Amino acid sequence: MSGAAPLAQGSLSVGPIALEGSYLDATLQPSSGALPQQDLVDGTVFLSAKPSEFVQLKGGIHARSYVTPGGTERWVFWEARAHGEVPLGPGVRAYVEAWRALGTESVALPLNQAQGGEAGLKAITLHNRVRVRLSYAIDDAQAGGGVSRQTVETFLLAIGLRLP
């Protein structure tokens, strides 16, 4: 299954503490075969702390659902994440983020494991206002002793504005 999707992200921060959220809504088309299309809804809410300029620790909820003619499949994870970044030059940073599910809710089968990661580049231009991000992410979840497995790959090109 594949498709393009708009993604909305935002954060509110006070000092080193931030509340972050994201929402994605897409229709995925089958790559081959007679599979029906699926609607994908994915959202996150995390509380984060930044103990240093280059490290950020996050915890929160990540919900994903697939809607097909046969019904809705939901995956809800309580996650812990670690994010690190390093400067590459003026206004450009490389970053990597890894996560692991600590627990689940609303999953029909018991979760065996879920983890993932993301790596990419961030650029800040035009008086520290315009943000550009290019990244690749992958996550993998297994439930029911391996009966159900989900692997999601994401290629992201994001352009945003930082509000004053």
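What follows draws every value from the coordinates through simple rules; no lab data is involved. Remember, it's a predicted structure, so these values are computed and weren't measured experimentally. Cβ placement follows ideal geometry from the backbone for every residue including glycine, while neighbour counts extend to all protein chains displayed.
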Shape call for region 7-161, from the Cα gyration tensor axes a ≥ b ≥ c (a/c under 1.5 means rounded, otherwise prolate when a/b beats b/c, else oblate), comes out prolate
One finds the C-alpha centres of region 116-164 and region 47-66 to be spaced, in Å, by 12 Å
Dividing the mean separation of Cα pairs under 8 Å (6+ apart) by the residue count of region 7-161 yields a relative contact order in percent of 13 percent
Rounded to one decimal in nm, the spacing of the 7 Å Cα→Cβ label points at Val45 and Val92 is 3.8 nm
Under the 7 Å Cα-to-Cβ spin-label approximation, Leu7 and Ser32 lie apart by a distance in nanometres of 2.7 nm
With DSSP loop assignment and no more than 15 other C-beta atoms within 10 Å, the GluC sites (Glu not before Pro) in region 61-135 are none
